[in-house]
Amino acid sequence: AFDVELIYSGQTITVQPHQSVLEAAEAAGAMVVASCREGTCGTCDTPVVMGEVDHRDSVLRPAERAQGDRMMICVSRAACSLLSLEL
Ligand code: FES
């Protein structure tokens, strides 16, 4: 599990292994948009304020992944203990 800070509400939520960041954010009442929920459409593209991302989507190009300033929250996860997201 890892934590995600939702900067607009100031909440920090925990994402369990069986959950996506998207699901955890939805459960916390965050405004999120999603379509495919499998990392292929790009709808859930979310700016990353802080933290390392474990990219698991097929939307971002390698250079975009390396930049680490956005992520597809339906499938990608944290590669650190706390991610801060513009949500
Ligand atoms: Fe399609 Fe996340 S909802 S990439």
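We did not get these values from a lab; they are worked out from the coordinates using the rules stated. All of these numbers come straight from a predicted model, not from anything done at the bench. FYI the Cβ positions are ideal-geometry reconstructions off the backbone, even for glycines, and counts take in every protein chain you see.
Observations, loosely collected:
- For the range 51-56, backbone phi angles converted through the Karplus equation (6.51, -1.76, 1.60; θ = phi - 60°) give residue-by-residue couplings of x, 9, 9, 9, 6, 10 Hz, Gly and Pro being listed as x.
- The amide H of PHE2, built 1.01 Å from its N in the peptide plane, has VAL15 as neighbours under 5 Å, considering only residues 5 or more places off or on other chains.
- Length gained when the stretch GLU86-ALA63 is fully extended (0.36 nm per residue, less Cα-Cα span): 6.2 nm
- Candidates GLU52, GLU64, GLU38: whichever shows maximal mean-square fluctuation once the chain is modelled as a Gaussian network with Cα springs under 10 Å: GLU64
- Charge tally in the Cβ shell below 13 Å around GLU86, where Lys, Arg are +1 and Asp, Glu are -1, GLU86 excluded: -2
- Dipole magnitude for the chain: computed about the Cα centre from +1 point charges on Lys and Arg Cβ and -1 point charges on Asp and Glu Cβ, it is near 160 debye.
- Three-way shape call for the range 28-75 based on the alpha-carbon gyration tensor, with the a/c threshold at 1.5: oblate
- Residues MET50, MET71 in ascending order of nearby Cβ atoms (within 10 Å, fewest first): MET50, MET71.
- Relative to its Kirkwood radius, the Cα radius of gyration of the chain gives an Rg/Rh of 0.91.
- If you take all other residues with their beta carbon under 9 Å from the beta carbon of LEU60, and give Lys and Arg +1 and Asp and Glu -1, the sum is 0.
- Look at the dipole of the chain built from charges on Cβ: of LEU60, GLN16, ALA34, the Cα furthest out on the positive end belongs to LEU60.
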